[in-house]
Amino acid sequence: MSEIFSAGLRVRLFSDPGSVGVLTGKSRPRAGKTIHYVQFPDKGAWTSEDAIELVPEGKDDVYTLLSNSQFGRVTDLRRNLTYIQLSGRLANLVYSMDTTNTEF
């Protein structure tokens, strides 16, 4: 295992900065590269060393990610917008149902 990537460190995928996981300490060589087993919140996955980066402590807030041009996927944005809409006051939800002509 590379010294940079040791067990217990938080990492994220380059292709999806919203996917943050923890290195388990399991690694193996594959096709001339080292792959590591990363435990993400929803599943574990073997991930190539060149596909992940360390999450700097205290540097994963929204403003830092935006200034570094590290964006999540479109589905992440949709999920967050839906959460914001559903976590609003009940009146907002009722008014939005009226707007969409929802019938019960």
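The values are calculated or read from the model by the stated rules, or taken from the named source; none is laboratory data. Please read these numbers as outputs of a predicted model, since none were measured by experiment. So basically every Cβ, Gly included, is an ideal-geometry build from the backbone, and we count neighbours across all protein chains shown.
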Do we find that Val74 is surrounded by 13 or more Cβ atoms within 10 Å (Cβ to Cβ) and at pLDDT 75 or above in this structure?
no
Residues Asn92, Asn101: which one is outside any helix (DSSP H, G or I) and at pLDDT below 70?
Asn101
Would you pick out the residues in the range 1-31 that are in a loop (DSSP other than H, G, I, E, B), charged (D, E, K, R) and within 10 Å of the chain's Cα centre (by Cα)?
Asp16
How about the range 1-56: which of its residues are under 16 Å from Gln70 (Cβ atoms), of a type in the set (Ser, Thr, Tyr) and touching a residue at least 24 places away in the same chain (Cβ under 8 Å)?
Ser15
Residues that are surrounded by fewer than 10 Cβ atoms within 10 Å (Cβ to Cβ), modelled with pLDDT of 75 or more and of a type outside the set (D, E, K, R), drawn from the range 55-68
Pro56, Tyr63, Ser67
Boolean, Lys43 is closer than 24 Å to Arg79 by Cα and not assigned by TED's automatic domain parsing to the domain that holds Arg79:
yes
Please give the number of the condition Thr34 fails out of (1) in a loop (DSSP other than H, G, I, E, B); (2) modelled with pLDDT of 85 or more; (3) in contact with a helix residue (DSSP H, G or I) (Cβ under 9 Å, 6 or more places away or on another chain).
(1)
Any hit, the range 22-34, residues being closer than 21 Å to Thr75 by Cα, surrounded by 14 or more Cβ atoms within 10 Å (Cβ to Cβ) and not polar (S, T, N, Q)
no
